[in-house]
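Asks: Dropping a structure here in structure tokens format, bear with me for questions.
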Amino acid sequence: MNLTHVEACINHPGENCDVWEGTASDYTYTQKIYMVTGTNILDTYFIHDDDTDYRADYVGMNTTRPDASHFIPPKGIPCNDFTSVPASNDKKSWTSKKYPGKEFHVTPLSAIFNRPESSSPADMVHYQPTESHLAIPDSFDARKYWPQCSTIKTIRDQGSCGSCWAFGAAESFSDRYCIATGDSVTFSPQFLVDCFNDSDGCNGGYTDLTWMALMKQGITSDDCLPYLGKDDDCRDTCSDHTPMKLRYAKSAYSPYVAFDVNATVRAIQEEIMANGPVETAFYVFTDFMSYSNGVYHRTTTSVDGGHAVKIIGWGVDEASKEPYWLIANSWGEDWGEDGFFRIRRGTDECNIESEIATGLIKN
């Protein structure tokens, strides 16, 4: 998504509100886009090729056709009056707690969603839905389906480095490598932080471009290049100066069906069942850091940034009956459900279903 600043909104004291315009592509459609960002809002407007008008929100794929005058939000509207994307009014299906002394690092939105103009996702294969008779179970847990792959259940900690994009890629690559080859190897997020030119290291990266890099540049093991939690120079030997061995992805793609959240959910489920966990990115609202257990859905309109993670399965919560995705985070085992969390499935909660990136592994 490439955005250019258009104008500033009138803001309340201490708040910022800006309008951006540009284009966005989901590998099938190219859309003109207007985005409004502010302390309490994050709203996106699309103009499609057929001139129909949609507003896409971050609650789900529910879209409306607003009056054209709302495309570029009129000047003079206070930021916190842009409440077209309200927090959920549903009964809260998750619990929270404080994490004294815990450091949380999320990535600025522009560093995980706003791809640089010079970086093209042209090599990323977009998922084309086909008729499938694969039976999707009510629940699936990759940890149980592939118990021989210890990397699937391993929770790591990215620390104070904004390397979530590298962790999501390296961890899902590790899982898929084990599933494809039978060999359990932990691959190195540090290698991606140091050597991937289309990222900003500890300041963020892009999930789709990272998987394309895994095809072209490859990745080495964590034993060869352990995690440092900071940017370092790219090197062509291991940290102990022994030769570096690289492994590669043979494809990069996104199981996402434009404007069809149900088909997208099924595509993601089929992909995980067939090939293993997938990487995704989502918008982090300020309540997410306090998640303890249950099925997360946002309860605030305040956005803190973006974050990349690894989806390993899905299910339906017994107590709340909420369908959820089962996800491995990179904030250590002392956060959430032993390092994992569950988030509402089927509504594109916080954009969780729209930013999937993955690929097959070259043996």
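Asks: Only Lys, Arg, Asp and Glu count, each charged at its Cβ (+1, +1, -1, -1), so figure out the dipole size of the stretch 165-209 about its Cα centre, rounded to 20 debye.
Replies: 100 debye
Asks: Under 5 Å between amide H atoms, partner at least 5 residues away or on a different chain: which partners does Phe285 have, H built in plane at 1.01 Å?
Replies: Counting only residues 5 or more places away or on other chains, the set is Asp304.
Asks: With the other protein chains left in place, how much accessible area per residue, in square angstrom, belongs to the stretch 140-204 at a 1.4 angstrom probe?
Replies: Spelled out: the 1.4 Å probe surface of the stretch 140-204, per residue, equals 33 Å².
Asks: Give me the percent of accessible area attributable to carbon and sulfur for the stretch 264-321, probe 1.4 angstrom.
Replies: Of all accessible area on the stretch 264-321, carbon and sulfur atoms account for 44 percent.
Asks: Oh, and also: Please get the size of the charge dipole for the stretch 171-251, origin at its Cα centre, with Cβ charges of +1 on Lys and Arg and -1 on Asp and Glu, quoted in debye to the nearest 20.
Replies: In debye, rounded to 20, the stretch 171-251 gives about 340.
Asks: Which ³J(HN,Hα) values in Hz, rounded to whole numbers, follow from the phi angles of the stretch 272-279 under the Karplus curve 6.51 cos²θ - 1.76 cosθ + 1.60, where θ = phi - 60° and Gly and Pro get x?
Replies: So the J values, rounded to whole Hz, are 5, 5, 7, 10, x, x, 10, 8.
Asks: State, to one decimal in nm, how far the label point of Ser292 lies from the label point of Phe104, with both points 7 Å from Cα in the Cβ direction.
Replies: It works out to 1.4 nm between the two label points.
Asks: Determine the shape class of the stretch 273-352: with a ≥ b ≥ c the square roots of the Cα gyration tensor eigenvalues, call it rounded for a/c under 1.5, and otherwise prolate if a/b is greater than b/c, oblate otherwise.
Replies: rounded
Asks: Right, next: Rolling a 1.4 Å sphere over the protein heavy atoms, what is the accessible area per residue of the stretch 322-363, to the nearest Å²?
Replies: It amounts to 27 Å² per residue over the stretch 322-363.
Asks: Tell me, what ³J(HN,Hα) does each residue in the stretch 315-328 have, in order and in whole Hz, if you take phi through Karplus 6.51 cos²θ - 1.76 cosθ + 1.60 with θ = phi - 60° and put x for Gly and Pro?
Replies: Using θ = phi - 60°, the values come out as x, 10, 5, 5, 6, 8, 6, 7, x, 9, 9, 9, 9, 8 Hz.
Asks: Oh, and also: Which listed residue (Trp314, Phe288, Ala357) has the Cα farthest towards the positive end of the charge dipole for the stretch 274-363, taking +1 on Lys and Arg C-beta and -1 on Asp and Glu C-beta about the Cα centre?
Replies: Going by the Cα projections, it comes out as Ala357.
Asks: With 20 Å as the limit, write out which pairs from Lys245/Lys362; Lys98/Lys153; Lys98/Lys144; Lys92/Lys321; Lys97/Lys153 have Cα-Cα distances beyond it, or answer none.
Replies: Going by Cα-Cα distance, Lys98/Lys153; Lys98/Lys144; Lys97/Lys153 fall outside the 20 Å limit.
Asks: To continue, here is another question. Give me the dipole magnitude in Debye, nearest 20, for the stretch 216-317 about the Cα centre, with unit charges on the beta carbon: positive for Lys and Arg, negative for Asp and Glu.
Replies: Dipole of the stretch 216-317, to the nearest 20 debye: 260 debye.
Asks: Okay, moving on. Trp325: accessible area at probe 1.4 Å, nearest 10 Å²?
Replies: Number for this one is 0 Å².
The values are calculated or read from the model by the stated rules, or taken from the named source; none is laboratory data. Quick caveat: nothing in here was measured; it's all calculated off a predicted structure. Glycine gets a Cβ as well: all are built from the backbone with ideal geometry, and neighbour counts include every protein chain shown. Calculation scope for accessible area: heavy atoms of the full protein, side chains included, ligands and nucleic acids excluded. Shrake-Rupley method; radii C 1.70, N 1.55, O 1.52, S 1.80 Å.
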